[in-house]
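The values are calculated or read from the model by the stated rules, or taken from the named source; none is laboratory data. Remember, it's a predicted structure, so these values are computed and weren't measured experimentally. Cβ placement follows ideal geometry from the backbone for every residue including glycine, while neighbour counts extend to all protein chains displayed. Ligands, DNA and RNA are excluded from the accessible area calculation, which covers all protein heavy atoms including side chains. Shrake-Rupley method; radii C 1.70, N 1.55, O 1.52, S 1.80 Å.
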Amino acid sequence: MRNDGNKAKKKTSISRETRIKEFKESLKEFWSDFKQVKYGIVGLVLLIVFILMMVLEPFIIPFPEAGERWSDITYWIDNPRSAAPAWVNWFSGKKNTVHEFLTEPELQVTDTPQFQVVEAEFNYNYKYDIPPGELTLKALGKGNVVVEAEIIRPDGETINLVRKNFNTRNETEIRIPLGNEAATRIINFGREFESTENSRNVQRHLLKPMEILFSKAQEGILVKPEPLKGDYRINVKAIIVGKDSYIKDPEVVVSGKVFGFLGTDDARRDIWSGIVVGTKWAIFIGLLTAFVSIAVGIMYGVTMAYFGGWVDSLMMRIYEIFVSIPMLPVLVVFSAVFSPSLWTLILFMCVFYWTGPVLTVRSMALQIKEETYIEAAHALNASTGRIIFKHMIPQLIPYAFANMALSVPGAIVAEASISLLGLGDASVVTWGQILHGAMKSSAVLKGLWWWIVPPGLMIALLGMTFAFLGFSMDKILNPKLKTR
Amino acid sequence: MYGQYAIKRIIYAIINYAIIIFILSALFNASMEATLRSQIEEMIQGEFLARDLTGYTVEEINELKALRRDELYRRYHLYDPMIVRVFWRTYDTLTFNLGKSTSVTSSAGERNVSIIVGEAIPKTALLFTVSAFFNILIGIFLGIKKAQKPGGLLDQSTSILTMIVYGMPSWWLGMMLIMFFVYKLNLFPSGGILSTPPPTGFMYYLDILYHMALPVLTMILLRAWGGAYLIRNIVLGTLQEDYIMSARARGIPENRVLYGHTLRSAAPPIVTMSVMSLLTSFGGAIIFEGIFSWPGMGNLYWIALQQNDIPVLLGNLSVTILLYMAGLVLLDLIYGFLDPRIKVGGKK
Amino acid sequence: MERVLDVRNLKVYYFTSKGPVRAVDDISFYINKGETLGVVGESGCGKTTLGTALLNMPTPPGKVVGGEIIIDGTNILELNENQLRKNVRWEKISMVFQGAMNSLTPAYTIEKQMLETLRYHRELDEQEARERIKKYVNLVGLSDDVLKRYPHELSGGMKQRIVIAMALFLEPELVICDEPTTALDVVVQAQIINLLKELKQKLNLSFIFVTHDLATEAEVADRIMVMYAGKIAEIGTNDQIYGEQGPMHPYTSNLLAATPRLHKKVEKLNFIPGSPPDLLNPPAGCRFHLRCPVVMEKCRTEEPPLKEVEKDHYVACWRCYENE
């Protein structure tokens, strides 16, 4: 008797080895089949791109803290508002100034017994037709600081812009809007080159200092200015008085109308950063929801088939009830009343998505159960339950994967829909949240296409990626064609 | 046979619906009651403002109010145990007594939720049935063409299209199309179902069609390929059947074999698939209708959300679920009718 | 005797992704009027392919690549689809398919399907059409009320009868029966066989009866054609094959010997060792040589042609010519 037991145990351990080998082989076979399906490869490549985006996030976005500080206005304060992407310039006749941050200038520090002189030289190449809205000098300073700034144009003209005194106890941010401060001086500069007639006729309040600053010094500079393109130099001199005073991190912000890869929204947030940050959430939400719900669904179906009888009937009735409910409207109302967190949202979606594979899995399991009973009669194996699970799981895995891939887009769209309606978890920057902002600010009406197109496009692309993957897997592993 | 089948389905559906409404009522009981309480206060204030209260002291007035409040609370079962309250709420919902809204009004200015929702139903129905109609038509046409040359250019290109739009939100495509056709090209109206002022007579219907064009176009661009893909698979499967070869051997013309024998035999799964896709797109309608300002049930959710009108949200939800389930039941009935094995029953 | 069908050098290949499978490889035979030709062979020998090819409807990916099929003086392989549909299929030659369970469209009633077929071939008004349908339905032993039924409501035997009725009611010259009784139980099998015998007599039709069941063949066939691996091994009359003398081709004799008899005691079942050859790469010489108990050197390299060894008795076997 004992010997038989050992023999039986040996049988199962041997068969497990062979099963692992079989599994590896079927994986290899699967891979060679998969390679042949063109769109499967495309899907895989796209997925890798998305994953790279997710992994390299901190390196590829200009605002690495975009995720945590999305609602923090101070983080974005220096960006332009509702600015189109920089590359729009390629398509326009008149090029807009690209919003830029001039950082890390050449510093020259001179120490004298009474004070310290810090000189910073900013080089700026202006190659546009429409001048910047403003040039803002920023720095961190403490104590007694006197700041002077002048600009040297490519035509050699120099204009003194500002001389300002700061006295603070703690470290504060120094912000000097140069154009604003130097308005009168710049206009007077302009008048030097303008014809007397134009100079007299022009209306003061219509003049834009920035325009004059970046225009050719010739007649017409005040009424029909022509852009002066070339290298500009902004020299900043800070005189620091006192032991504890200092100035650091000087920076000039060139306020352009266009900015970055994908422009900004009306809260000045860099949309490209938002998009990249949202990638990981989209993938996370999609995969987690798909994985959990499909796993639950499969177990549900297998359990139904395994037990049969009244358990099967009861579970079927429960299944029917869940299937009769449209997820999104319920999700919307639920979110409106209960304001769920992200996790609750995912859980909720799983509650609806698990129904997907149940029927197919159940019929597959029933089929196996039929045959396994016969096998069991011959092979005197352990409980049929174990056989079913050991045989079923390897067979169901490919089906499960295909199903999961195809469920991901739905979950992503669902979350995006909820967030767009303002019912999502506002602490998480998802593509839906970005769209929510767009909706609230009537971006469609205002034609801010760079705010609306990218998030939705990303949703569509990620959905397409998983569609490619899922369909190619389905094509190879369709259970309706693969019966035992 | 079929009669039995039909009745069984309908009864099951009704029971399921009752169960679902019960669960929903329990879930949302707290917030509905909060709304109810404030509505009762509103009612009381209104009543008392209209009365002549001279000669009453403040305490007496408050006492009267308290009495009235008590009476109303009793009427609305607010003193009863939880389970009874949920039961009454379920009952009310099932009998379409959906309460009053907090701020949303119907076109006539009423705040009766049932009427508000009722007004929205036909507009949603119109949009979705028209879209579904075109989708099915195109789906069948394309699907059969694809099945005739599997792996051919048409087949592959439409399959790729299916995958491309698979994860595309309907509302996003809608936004894109609006930005392009409405704001760039100025070809279509930006929203709504009718122009203001609405034209009369024949132009009235044309006006509706004009407003419907863009949303329907969006739906078609999104769903037609998927339908064609599924129909193609179903038809291909059917074409492998022996009875198709047998029909051809009997000298029956190819057109008749295709559209008669094949399509008719494949009708049950095709219809199932079409209706199912109709029903699922129903779910995503909320933002979609909102974008187009189409005054249907989806848009109603949007409006109710903005005004935080819970009774309207819940009433709308109950009706949405009802229609969804009715759709499923209808599907089962049509399927049974089309499949002679169910319609007529088994062996005699 | 008038020939109803004349097949010459017929070749039907299946073009699979691995290459052409030579399912029917250069066969020639004929059928006389009023005669039943039985076609026997193992699974995969080409008999069903032959059946569909005779209607010029080989199952894809099959294609007729050579030869002639002459009915009524016309080579039907030269006709286009339209002509085939109108003049040949069901008019001159009809088919009772293997597995009648699935030969009837489940969505239409029996009557509708029969009417449809009839209407596409004959100009009959409704009344006449219905009468003819009733006549044939009764002929196959069924009552009128099956007409209003859907296929799934009928039993296997009833469906088979309907399929037979449909094959006959245009009164074609030749009816191909492809395993008409295989999927049925023995009792029903016997009924169908008797029915076919009756009809053959009554209507003076020509039949091709394809089966792997030798016993049935013995009962219905006038002449028998034995196929092996896409080629004809032997053709002979019922007597010549089943009679005292026994068949000549070693394959046929083995086939007969391998059939267990109900009455004789059997110690060991005879069987033919090996399995049918791969028709993608058929063996050189005689296709049976790898399994033949009396194989000679010549058999391995040269393919034996079909030769008439006695009247109406043809054999393709080097050994058999010698024995003459």
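Within segment C:35-46, the residues that satisfy the criterion of being at pLDDT below 85 and either closer than 13 Å to residue C:7 by Cβ or in contact with a Lys or Arg (Cβ under 8 Å, 6 or more places away or on another chain) (or both) are C:41, C:46. Among the strands (runs of 3 or more DSSP E) confined to segment A:92-160, the ones with at least 1 residues that are among the charged types (D, E, K, R) and surrounded by 14 or more Cβ atoms within 10 Å (Cβ to Cβ) are located at A:100-102, A:115-126, A:134-152. Just for segment C:71-86: of the residues that are within 9 Å of chain B (Cβ to nearest Cβ) and open to solvent by less than 80 Å² (accessible area, probe 1.4 Å), which one is farthest from residue B:253 (Cα to Cα)? Only one residue tops the list, namely C:84. Of the residues making up segment C:140-150, those that are out of contact with any Lys or Arg (no Cβ under 8 Å at 6 or more places or on another chain) and open to solvent by 20 Å² or more (accessible area, probe 1.4 Å) number 3.
Okay, residues lined up against (1) acidic (Asp, Glu); (2) more than 29 Å from residue A:369 (Cα to Cα):
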{"position": "A:246", "(1), (2)": "no, yes"}
{"position": "A:270", "(1), (2)": "yes, yes"}
{"position": "A:277", "(1), (2)": "no, yes"}
{"position": "A:302", "(1), (2)": "no, no"}
{"position": "A:308", "(1), (2)": "no, no"}
{"position": "A:311", "(1), (2)": "no, no"}
{"position": "A:316", "(1), (2)": "no, no"}
{"position": "A:324", "(1), (2)": "no, no"}
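Selection within segment C:274-317: residues that are aliphatic (A, V, I, L, M) and assigned to a strand (DSSP E or B). The member of this set that is surrounded by the most Cβ atoms within 10 Å (Cβ to Cβ) is C:315. With B:49, B:24 as the choices, which residue is part of a helix (DSSP H, G or I) and open to solvent by less than 60 Å² (accessible area, probe 1.4 Å)? Step by step, each of B:49, B:24 is checked, and only B:24 is part of a helix (DSSP H, G or I) and open to solvent by less than 60 Å² (accessible area, probe 1.4 Å). Are there any pairs, at least 6 apart or on different chains, whose C-beta atoms fall under 6 Å, with the first in segment A:308-333 and away from every other protein chain (no Cβ under 12 Å) and the second buried (at least 18 other Cβ atoms within 10 Å of the Cβ), and if so, which? So the pair list comes out as A:312/A:304; A:315/A:304. The helices (runs of 4 or more DSSP H) located wholly in segment B:160-258 that include 3 or more residues which are under 25 Å from residue A:432 (Cβ atoms) occupy B:170-177, B:202-239. Considering only segment A:238-260, I want to know if a residue exists there that is free of Cβ contacts under 8 Å to residues at least 60 places away in the same chain, open to solvent by 60 Å² or more (accessible area, probe 1.4 Å) and part of a loop (DSSP other than H, G, I, E, B). Looking for residues that are free of Cβ contacts under 8 Å to residues at least 60 places away in the same chain, open to solvent by 60 Å² or more (accessible area, probe 1.4 Å) and part of a loop (DSSP other than H, G, I, E, B), one finds none in segment A:238-260, hence no. Among the residues making up segment B:120-136, those that are open to solvent by 50 Å² or more (accessible area, probe 1.4 Å) and over 28 Å from residue B:106 (Cα atoms) are B:133, B:134, B:136. Within segment C:137-150, the residues that satisfy the criterion of being within 14 Å of another protein chain (Cβ to nearest Cβ) and assigned to a loop (DSSP other than H, G, I, E, B) are C:142, C:143, C:147, C:148, C:149, C:150. If you go through segment A:216-232 one residue at a time, do you hit one that is at pLDDT below 90, in a strand (DSSP E or B) and among the acidic types (Asp, Glu)? No; the residues of segment A:216-232 include none that is at pLDDT below 90, in a strand (DSSP E or B) and among the acidic types (Asp, Glu).
Yes/no per residue for (1) farther than 25 Å from residue A:228 by Cβ; (2) acidic (Asp, Glu):
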| position | (1), (2) |
| --- | --- |
| A:85 | yes, no |
| A:88 | no, no |
| A:102 | no, no |
| A:119 | no, yes |
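Filtered by the rule that a residue be open to solvent by less than 10 Å² (accessible area, probe 1.4 Å) and either part of a loop (DSSP other than H, G, I, E, B) or facing another protein chain (nearest Cβ under 8 Å) (or both), segment A:442-454 gives a lone residue, A:452. Restricting C:189, C:201, C:240, C:245 to those that are touching a His at 6+ places or on another chain (Cβ under 7 Å) and either in a strand (DSSP E or B) or open to solvent by 10 Å² or more (accessible area, probe 1.4 Å) (or both) reduces the list to C:240.
Rundown of residues vs (1) on the phi > 0 side of the Ramachandran plot; (2) of a type outside the set (S, T, N, Q); (3) within 14 Å of another protein chain (Cβ to nearest Cβ), yes/no style:
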{"site": "B:157", "(1), (2), (3)": "no, no, yes"}
{"site": "B:170", "(1), (2), (3)": "no, no, yes"}
{"site": "B:178", "(1), (2), (3)": "no, yes, yes"}
{"site": "B:181", "(1), (2), (3)": "no, yes, yes"}
{"site": "B:186", "(1), (2), (3)": "yes, no, yes"}
{"site": "B:195", "(1), (2), (3)": "no, no, no"}
{"site": "B:200", "(1), (2), (3)": "no, no, no"}
{"site": "B:203", "(1), (2), (3)": "no, yes, no"}
{"site": "B:208", "(1), (2), (3)": "no, yes, no"}
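Among the residues making up segment B:295-348, those that are in contact with a Phe, Trp or Tyr (Cβ under 9 Å, 6 or more places away or on another chain) and of a type in the set (Lys, Arg) are B:341, B:343.
Filtered by the rule that a residue be farther than 21 Å from residue B:93 by Cβ, in contact (Cβ under 8 Å) with a residue 24 or more places away in the chain, open to solvent by 10 Å² or more (accessible area, probe 1.4 Å) and facing chain A (nearest Cβ under 10 Å), segment B:282-316 gives B:284, B:290, B:291.
Only one of the numbered conditions (1) open to solvent by 10 Å² or more (accessible area, probe 1.4 Å); (2) out of contact with any helix residue (DSSP H, G or I) (no Cβ under 8 Å at 6 or more places or on another chain); (3) over 26 Å from residue A:327 (Cβ atoms) is not met by residue A:232, and that is (1). Residues in segment C:151-170 include none that are more than 13 Å from every other protein chain (Cβ to nearest Cβ) and either in contact with a Ser or Thr (Cβ under 7 Å, 6 or more places away or on another chain) or open to solvent by 40 Å² or more (accessible area, probe 1.4 Å) (or both). Residue count for segment B:231-264 under the criterion of being farther than 21 Å from residue C:89 by Cβ and either facing chain C (nearest Cβ under 8 Å) or of a type in the set (D, E, K, R) (or both): the result is 2.
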